[in-house]
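Only one structure is covered here, and it is reproduced in the block below.
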Amino acid sequence: VQKTIVRGLRSNLHSVPTDCPQRDERLGWMGDAQIIAPTASYNMNMALFFSKWMRDITDSQDEEEGFVHDVNPAIVVEGPSKPGWGDAVVVVPWAVWKFYGDTRIIEENYEGMAAWIAWMDRQSKDDIYVWANETGEWFGYSDWIAPEETSGKVVGSAYYFYCNRLMSEMAAAIGRNADADRYAEKARRIKQAFNREYFNEETGSYENGTQTANLLPLAFGLVPEEQKKRVTDYLVKNVEERGKHLSTGFLGTAYLLPILSDAGYHELAWEVATQVTYPSWGYMIQNGATSVWELWDSNQQPPDKMNSRNHFALGSVGEWYFSHLGGLRPDPAKPGFKNTIIAPMPVGSLTSASSSHLSAYGEVASEWALADKTFSLKVKVPANTTARVVLPLKDYESPLVTESGATVFSEGQATGNVKGINAVRLADGALIIETGAGNYEFVVKERPAT
C-alpha cells in the first residue's frame, strides 16, 4: 500500500496536485490536496511545491467576495468552493508550517486565508456560527465517494470551526495576537453552535451517525470532553458492525485510524488497515492496484464513469503509517521537527517497522522490533533538535529500560546520568524520555528476578 501511495504522488504532483493523470480532471483539486498534505510531506519535500500552489489559489481567489475555487488555477470548475475543498487555503499552509517550521507561507497567504474565512462568516446561518451556504440545493461533495453518505452541512460547519482554529494558531505564530484571540473566540462559538445543531444526545453521535460525521468532530476538537467517550464508542460500534471495515471517503479516511489508535483501539485500527475485502486498501491490492484508486471499488465500476485508478486522496492512510506504526510526528509546539515525537505503536502481527523523514535539520528516523517480549528501538535525532521518545511499558510487570547498554529505568525509577537524555518520566503506561541530538538504541524488557 505504501508503494501505491508513493506512485500516486509521483504521478500527480506536477506543478499542481492533480486529481488524476489520465483524464480531463488533471486539475489542482483542493479537497484531495489538503487531505493528503501530511502524507505527502512525510514522503517528499513539499514545502516549495505547496508554497507555489498557494500562489495559484490566492491568484484565483475572488477579489470581491473572497471565496476560493475547487480547483486552482481556477479552470473549468466555477466557485465558490465547497466544504472541505475550499478549506485547503487554510489547511495546506498550516500543514506546511507544522512539517517545515517556516512561517513565510502563513505570512504570504494570510490575507487570502482571512478572506476565505470572512466569506464563510457571511454564509453562517442566522449568525449562529453554523455554515449554511443555502444558495442552492446541492451543498457540495461531502465525504466524496464514501460508502455511507454524510451531511454536507456537518462537513461544512466542521471545517468552518477547523479553519478558525488553525487560523488562530497561525496568527499567533506570526505575532498577530489580537487576530489569534478573535479567531479562537469565533471557534469557541462555532463549537457551541455545532454541538447544539448536530449532536444527538440520545445516541451520542453526530447527525446521521456515519463514521465521518463523528470522525471530523473528534479530529478537529469539536467534541466536548464529557462526550468524547460516547462519540468514540459509537464510532467503534459502527466499524465493528461493518465487519471491521471503514465506510469513509476522501475526508474521513485520513482520520479514522489515528482516532482509533489514539483512543485505545489501536488493534481495531490495525484490523481495518489490513482488511483485504471491500472496502479497504488491501482490496485494491488484491485486485491488481499499483496506485491508489479513486473509488473503493474502481474494479467494479465502468471506466467511462467517474472512476480513476490513480487518485492519491485515499492514500492519506500513509500518515498513520509514519505517525503511529513508525511513530514519527512533528511536535505541534515546535514545528518543523525542531522537536520530534517518536512514539511507535506495535500492534497485531507486526513485529518490526522503520520510518524516516528528511526534515530541514536532517534525517529523523525510528526503527523498532519486538521479539520474545523484548522491544528495541533505534532512534536518529538530527543536530540542533531534540526528541520526545515514548516507550510502551503496559505489557511489562517490572520493566528494565536501557540505552546502548546503560540503564535508564529500573525498579520503577529513572537512574539518571545517561548521556544525551535530559529527562525521564512515567505517564499512562509509557516511559517518556526527552533527548538531545544523536543516535540512540533503547531496549525494553522484563527485569530479571534477583
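Annotations for the structure displayed:
- Extended-chain gain in nm, criterion 0.36 nm per residue less alpha-carbon gap, D59 and K419: 124.5 nm
- The packing ranking of peptides 339-351, 360-372, highest mean first, is 339-351, 360-372, where packing means the average number of other beta carbon atoms within 10 angstrom of each residue.
- Taking 23 Å as the straight-line reach from the Cα of K237, the lysines in range (excluding those fewer than 8 positions away in the same chain) are K228, K229.
- Under 12 Å of direct C-alpha separation, and excluding same-chain neighbours fewer than eight residues apart, K244 reaches these aspartates and glutamates: E267, E271.
- Restraint check, K52/K186; K153/K191; K3/K373; K338/K380, Cα-Cα greater than 20 Å: K52/K186; K3/K373
- Separation between Cα centres of the stretch 216-255 and the stretch 1-56, rounded to whole Å: 26 Å
- DSSP H segments from the chain that extend 30 Å or more along their own axis, Cα-based, with Kyte-Doolittle mean of -0.5 or above: 152-173
- Sites N195 and E434, calculated FRET efficiency, Cβ-Cβ separation with R0 45 Å, nearest 0.05: 0.80
- The stretch 49-122: relative contact order as a whole-number percent, Cα under 8 Å and 6+ apart: 31 percent
- Estimated dipole of the chain in Debye, rounded to 20 [Cβ of Lys and Arg +1, of Asp and Glu -1, Cα centre]: 1380 debye
- Seen through its C-alpha gyration tensor, with square-root eigenvalues sorted a ≥ b ≥ c, the chain comes out prolate because a/c lies at 1.5 or above while a/b is bigger than b/c.
- Calculated accessible area for the stretch 220-284 comes out at 39 Å² per residue, all protein chains present (probe 1.4 Å; ligands, DNA, RNA ignored).
- Within the straight-line cut-off of under 12 Å between alpha carbons, the aspartates and glutamates reachable from K378 are E367, E403, E441, sequence neighbours fewer than 8 places apart in one chain being disregarded.
- Extension reserve of the R447-S398 stretch, reckoned as 0.36 nm per residue once the Cα distance is removed: 17.1 nm
- Residues considered: R388, R55, R196. Largest GNM mean-square fluctuation over the chain, using C-alpha springs under 10 Å, is found at R196.
- For the pair K373 and L358, label points projected 7 Å from Cα toward Cβ lie 4.2 nm apart.
- GNM top mover of N310, N287, N12 - the chain, alpha-carbon springs below 10 Å: N287
- Per residue value of the accessible surface for the stretch 15-168 (all protein chains in place, 1.4 Å probe), Å²: 37 Å²
- The stretch 60-95-the stretch 342-395 distance, computed between alpha-carbon centres (Å): 38 Å
- E411-A333 FRET efficiency (beta carbon distance; Förster radius 25 Å; 0.05 resolution): 0.20
- Average accessible surface area per residue within the stretch 291-411, 1.4 Å rolling probe, Å²: 41 Å²
- Heavy-atom SASA rank of R10, R122 (probe 1.4 Å, accessible area, largest first): R10, R122
- Across the accessible surface of the chain, with the other protein chains kept in place and a 1.4 Å probe, carbon and sulfur atoms take up 48 percent.
- Projecting label points 7 angstrom from Cα along Cα→Cβ for E107 and A184 puts them 2.3 nm apart.
The values are calculated or read from the model by the stated rules, or taken from the named source; none is laboratory data. What you see is a predicted model; the values in this text were computed from it and never measured. Note that each Cβ is placed from the backbone with ideal geometry, even for glycine, and that neighbours are counted across all protein chains shown. We work out accessible area using only protein heavy atoms, side chains counted, and drop any ligands, DNA or RNA first. Shrake-Rupley method; radii C 1.70, N 1.55, O 1.52, S 1.80 Å.
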